[in-house]
Each structure stands twice: as structure tokens, then as C-alpha cells.
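Visitor: Here you go, one structure.
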Amino acid sequence: MRMTTGLRMRIIHRYLGFFLAGIMAMYAISGIIMIFRTTDFLKSEKITTQQLKPNMSAEELSGALRIKGGVKPERTLGDVVYFKQGEYNTETGLATVKKMELPFILDKMEHLHKATTNSPVYFLNIFFGLSLLFFVISSFWMFMPKTTVFKKGLYFTLGGMVLTILLLFV
């Protein structure tokens, strides 16, 4: 029996789908959680103290504490400078920082989801993206082109493409 392109596509689609089920679930969960990244949803407060050198400027403090957007002093009482994320004692150099963090596993999932070429696992994201692209293409080999299911599928594909284009401009 000769294996057709359609049959090959269906077989690869099936087993690649099973193989990637876990990572697809992880990307789905982390993608939903990332929608809420500007809120404190599922996050808990973590307070850390750090010994720095005394009399640092706001700019030096921002770099030392690695605070995005920088340290913007709100008020000073004696030797203590208060800022949105915590406080810094200019005499002793002791800084206390409050940060909202996701639980460990959700934080790891989010970092994997946002991986860049600086990440040691960025090639996995490329593989996953290419696999998803393969799923898109191979899905057109799931049914014979002359069947009603295939023809209806093309209408759904067109509807999905129109929705995607609309969402790009919202």
C-alpha cells in the first residue's frame, strides 16, 4: 500500500499533537495568566532586604535593586527614603523592597512563554511555533477535499481569518 501525502500528514499531525499536548497546555495556561500580568492576580507579596552602600542616588539605587522604571522617591523621613516599591536608609544602606510575584511554577511557565534569544531554551519556542504552523497546514489534509466537512471547514477558516484581521485593528 502506497502512503499518500494526506495519510502522512494525518499521522504526523496525530502523533505530534499527542507529543506536544503538555507544552500546549502550559502555553495556554501561561498565556491566560499573562493577560493579568499588570495586576496582582494570583500574586503574593515578597519582601526582601538588601545591604547596599550608603548615600546612593535614586539612579544608583534603581540599578542596584534592578527596579523597572527606576526608583522615584515619594518622601523622605530622616535618613529613610520611601519609594513605591519600598524604602532605603541612606545612612545604613539597608534597602527593603516589596514585590508581587506569581507562585514558582506559574512564574517559570511565564518565563518560558516569554523566552528570547537570550534564553537557553529559545530553540524550544521556535520548535513549538513551527509545530503549531504545521498543525495549521496539516489540518487541511484531515478530510478529503470533496467532502462536505472539508467545504464547511473552509468557511470556518475564512471566518477565523476575518476575525484575526479584525482583531489586529482593534
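Only the coordinates and a few stated rules stand behind these numbers; no lab work does. All of these numbers come straight from a predicted model, not from anything done at the bench. All Cβ positions, even for glycine, are placed from backbone atoms using ideal geometry, and neighbour counts span all protein chains on display.
Visitor: Of all the strands (runs of 3 or more DSSP E) wholly in region 23-130, which have at least 3 residues that are surrounded by 12 or more Cβ atoms within 10 Å (Cβ to Cβ)?
Guide: Because the criterion is at least 3 residues that are surrounded by 12 or more Cβ atoms within 10 Å (Cβ to Cβ), the strands (runs of 3 or more DSSP E) in region 23-130 that meet it are 80-83, 86-89, 94-101.
Visitor: Go through region 82-104 and give me each residue that's more than 13 Å from the chain's Cα centre (by Cα) and of a type in the set (A, V, I, L, M).
Guide: Listed by number, the residues that qualify are 94, 95, 97, 100.
Visitor: For residues in region 104-123 being of a type in the set (A, V, I, L, M, F, W, C) and touching a residue at least 12 places away in the same chain (Cβ under 8 Å), which is nearest to residue 28 (Cα to Cα)?
Guide: 109
Visitor: With respect to residue 110, is the statement that it is more than 25 Å from residue 34 (Cβ to Cβ) and of a type outside the set (Val, Ile, Thr) true?
Guide: It is false that residue 110 is more than 25 Å from residue 34 (Cβ to Cβ) and of a type outside the set (Val, Ile, Thr).
Visitor: From the set of residues in region 131-166 that are of a type outside the set (S, T, N, Q) and outside any helix (DSSP H, G or I), which is nearest to residue 34 (Cα to Cα)?
Guide: My answer is 142.
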